Amino acid sequence: MIAAKGQKINPLDHVPLRQSLVFLDGDDPAQVAWALRSTTQLNAKLILTNGSPFERMKSAQRRFFFDQEGKLTAKFGIRAVPAVVEADGRVLKVSEVPGRSSLASV
């Protein structure tokens, strides 16, 4: 048994979020450049809401992920990209990056 019926569990109590999740529009060169400059492979996962992760991986020599069907952006309530999800103690903090946001992708 993982939990009793009705019991609430915070996954962050058991598994830490070691990397930030950075959501961005892969078709926006400014957002891609910002994400590559601002993060490393060790401290962030780059998640595209638009564009081809394969093209980005080839050109940047870095791993990119894709938010298929917008499930992650919906789960985290992200309305504009770029956005960063990071652990803040026992909660997740979602932040839009000022001056770079685009509503078209999400």
*asked:* Filter region 37-77 down to the residues that are among the acidic types (D, E) and surrounded by 15 or more Cβ atoms within 10 Å (Cβ to Cβ) and list them by number.
replied: D67
*Take the residues of region 1-49 that are in a loop (DSSP other than H, G, I, E, B) and of a type in the set (A, V, I, L, M): which is nearest to the chain's Cα centre (by Cα)?*
L17
*Answer with yes or no whether L72 is closer than 21 Å to V97 by Cα, modelled with pLDDT of 95 or more and aliphatic (A, V, I, L, M).*
yes
*Among the residues of region 53-71, is any without any contact (Cβ under 8 Å) to a residue 60 or more places away in the chain, over 19 Å from E86 (Cα atoms), in a helix (DSSP H, G or I) and touching a helix residue (DSSP H, G or I) at 6+ places or on another chain (Cβ under 8 Å)?*
yes
_Subset of region 76-101 [within 11 Å of the chain's Cα centre (by Cα), over 18 Å from V32 (Cβ atoms) and not aliphatic (A, V, I, L, M)]_ = F76, E86, S95
*What's the number of the condition P16 fails, among (1) in contact (Cβ under 8 Å) with a residue 60 or more places away in the chain; (2) crowded, with 18+ Cβ neighbours inside 10 Å; (3) not β-branched (V, I, T)?*
(2)
*Determine, yes or no, whether L24 is touching a Gly at 6+ places or on another chain (Cβ under 6 Å), at pLDDT 90 or above and farther than 26 Å from N10 by Cβ.*
no
_Looking only at region 69-101, count every residue that is under 22 Å from S52 (Cβ atoms) and among the charged types (D, E, K, R) and tell me the total._
3
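The values are calculated or read from the model by the stated rules, or taken from the named source; none is laboratory data. For clarity, every value in this text was computed on a predicted model and none was experimentally measured. Cβ coordinates were reconstructed from backbone atoms using ideal geometry, including for glycine residues, and neighbour counts include every protein chain displayed.
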